[in-house]
Structure formats: structure tokens, C-alpha cells
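Student: Submitted below is the structure of interest, expressed as C-alpha cells.
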Amino acid sequence: MNLADLNKVALAMVTPGKGILAADESSGTIKKRFDAIKVESTEENRRDYREMLFRSTEAMSKYVSGVILYDETIWQNAKDGTPLVKLIEQSGAIPGIKVDEGTQALPQCPGELVTVGLDKLAERLKKYYERGARFAKWRAVIDIGGGIPTMTAINVNAHALARYAALCQAAQIVPIVEPEVLMDGDHDIDRCYDVTQRVLNKTFQELRIQRVELEGMVLKPNMAISGKKCPKQASVEEVAEKTVRLLKACVPAAVPGIAFLSGGQSDEEATAHLNAMNRIGGLPWRLTFSYGRALQAAPQKAWSGKAENIAAGQRAFTHRARMNALASKGEWETGLEKKVA
């Protein structure tokens, strides 16, 4: 393992004014997204859609540092035969790959999940590296509800995240470590804060036990935020203040950067929260975005599966990428949303 090279890639992933496009939706998830815009989820349509994003020259070269791909996508070629990985590289962004294989029910823990995919991961990482992937992603899912999360779920998922991260670094691939505390419930922001603190502390304990080099990874956490069904939604300022406080308490300064997930927030909410955190300033790590839906909902709608809408889809993607790029420097403001590209 060459830590200097891993650190260089990790820093490039969190370049100020750029963020990561999460285009790694599983076949099931992208089918849901396509159903919403009345597009059939065929391999060709999925390829065309992602090719549209990767050929968005302005967005990709100015605002995107890396792209997380799904297994299907990393092996696909564009219409003209160019590997999609090459399109990403040509734009100056770094190709990455989602390597977890989804979740399974956690035995003895009703309502809780564990992420799977460690078997044969070492061999898969070698192939992904040869194909051009320089970073990977593994998502652990922690739900908040009556009596959950249990320590069992937190421990098991933190252990798997650290095992994955160690295997990535051994394969010269930067791990994105993603322990996601879901925002689906009716819990308030303080409950989210407490659970996320437990999850992050356990995750970093496991990373140390398994000798993961913190300088060669990127953290992808949730924000401290009210559950979607909570009657009292925390303000943008409160989310920013509590998330920064939480991260300062849990995340070592050796980590090069933190790229937030959007986790079901609306496009503008995700941008506003990131912007407010960067305005607080004085942070030991770079704070940026690793958004899926919050970057893609607008371009998906604009494109709607029609070749004649490609330019409109690319404009919508460029706009969202630019808004988040500004937020990653604390330079976004609501008024800019009206000036749609």
C-alpha cells in the first residue's frame, strides 16, 4: 500500500469547489427513479442516462471530483464505444465503484440490517482497479425507531465498514466509509445527533483496530437532522451547527475530507445545509457533497428518456452541480437558484 498516493486521491476527491456524483443506484433503485419519469429501466436507457451526465462537460470538469459507479455501469461503453470510465477520466474526474452488495436482515435484531459483500471483495477490487476505479464505497444503514438501533447493529456494521476499508487500501483504492443513520422516522434532531455520535465513534474505533490509514479515506456521513416525520423540523442553522459540533467530537483531523450524503433531503435543503456548515468555517477537514438524488432528480425530470432532451438534462445537472460546488465553499445563496442555467 502506498499511503501517499491514497492520500493524494482522497484530497482530490474533496477538492474545494468540487464534489462527488453518486451515480451508483442499484438496478432496483434506478427502476424506481425511472418509473417516476415514465422511462423503462433497460440496460440501454440506464447507459444513455448516465452517459448524458458524464458528457455534461461543464458540470464534470468544473464541479465534479469523482463519480461513484454501479457494477453494471463500470463495464459499459458509451454509444460510440468509449468506456464510460474513460468519459469520466477525460473530464478530469475520478472513477469510483460501489462494492457492497446491499443489506440483509440482521439475525436476532428485528427491523435492523447488515450490509453484505465482503466475500471475494479482494478479488473484485483488483478487477475494479484495473478498470480504472481509484476509490470505492460501502454503505451501512442504521435505522432509528423504538428500541433501535441496538449496539449489535452498530457494532456489526462498523466492523464490516472497517473490514471493507482495510481491503480497499490493500488494493490501493481509497475507501468512502458511509455509515448512514436514516432520516425516515419521526425522531427529532437531538435523537439523530445521539445515534450518529454512537455510530461514528464505533466506526472510528473499528477503523483503528483494523489499521485503516485515516489519511487515505473519505467519510460519507448523514447530517444531524430531524426525521422526515418529525413535527418539528430543525432550521438550516441548527442542522449546520449541530452537525459541525458532532463531527468535531467524532472525526479525527487526519481524515482528509467529509462528503455528505443527501439522504432524502430536497435538492435545495441539501445545498443550504452544506453551505451553512462551510460558512461556520475553522474545520480541520474539507466538507463537500456526495449526492445522488439531490444532484440527479432535476436532470432526470428534464431528460425523461428523450434524446431531444439531453441538452436540457445536462443544463439541469450543471446547475445543481454548480449550486453544490458553491455550497462547498460557503458561497451559495437562495437567490442563485432562480438563475437557472
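Student: Once Rh for region 77-234 is found with the Kirkwood sum over Cα pairs, what is the Stokes-Einstein diffusion coefficient at 37 °C and 0.692 mPa s, in µm²/s?
Tutor: Value of D from the Cα-based Kirkwood radius: 196 µm²/s.
Student: Then there is this: What does the accessible area per residue of region 210-275 come to in Å², with a 1.4 Å probe and no ligands, DNA or RNA counted?
Tutor: 35 Å²
Student: A further question on this structure: Within region 200-234, whose backbone N sits under 11 Å from a point 7 Å along Cα→Cβ of residue 188?
Tutor: 231-234
Student: Please work out the average accessible area per residue across region 1-142, using the 1.4 Å probe convention, and give it in Å².
Tutor: 45 Å²
Student: To continue, here is another question. Please work out the ratio of the alpha-carbon Rg of region 200-341 to 2.2 N^0.38 Å and round it to two decimals.
Tutor: 1.15
Student: Beyond 21 Å, what percent of the Cα pairs of region 1-153 remain?
Tutor: 54 percent
Student: Let me ask you something else. With each run of n ≥ 4 DSSP H residues scored as -39500 (n - 2.57), what mean residue ellipticity at 222 nm is computed for the chain after dividing by its residue count and rounding to the nearest 500 deg cm²/dmol?
Tutor: Helices in the chain give a 222 nm mean residue ellipticity of -15000 deg cm²/dmol.
Student: Taking every Cα atom in region 266-309, find the radius of gyration and the maximum pairwise distance Dmax, and write them in Å.
Tutor: 14.6, 46
Student: List the pair-distance distribution P(r) of region 227-305, using every Cα-Cα distance, as the percent of pairs falling in each 5 Å bin from 0 up to the bin containing the longest distance, rounded to whole percents.
Tutor: 3, 14, 22, 23, 17, 11, 6, 3, 1
Student: Taking 7 Å along the Cα-to-C-beta vector as the label spot, tell me the residue 108-residue 42 distance in nanometres, rounded to one decimal.
Tutor: 4.9 nm
Student: For region 1-120, give the percent of accessible area contributed by carbon and sulfur heavy atoms, probe 1.4 Å, rounded to a whole number.
Tutor: Values: 2710 of 5390 Å².
With neighbouring chains kept in place, the figure for region 1-120 is 50 percent.
Student: So what is Rg over Rh here for region 137-203, counting just Cα atoms and using Kirkwood for Rh?
Tutor: Result for region 137-203 is an Rg/Rh of 1.03.
Student: Based on Cβ point charges of +1 for Lys and Arg and -1 for Asp and Glu, what charge dipole magnitude is obtained for region 142-228 about its Cα centre, in debye rounded to the nearest 20? Write down the numbers at each step before the final one.
Tutor: Details: 8 positive and 11 negative charges, 65 e Å.
That gives a dipole near 320 debye.
Student: Tell me, what % of the accessible area of region 209-310 is carbon and sulfur with a 1.4 angstrom probe?
Tutor: 50 percent
Student: Given region 191-235 reduced to its alpha-carbon atoms as identical point scatterers, what log10 I(q)/I(0) does the Debye formula return at q = 0.28 Å⁻¹?
Tutor: -1.04
The values are calculated or read from the model by the stated rules, or taken from the named source; none is laboratory data. These numbers come from a predicted model, not from an experiment. So basically every Cβ, Gly included, is an ideal-geometry build from the backbone, and we count neighbours across all protein chains shown. Accessible surface is based on the protein model in full, side chains and every heavy atom, while ligands, DNA and RNA are left aside. Shrake-Rupley method; radii C 1.70, N 1.55, O 1.52, S 1.80 Å.
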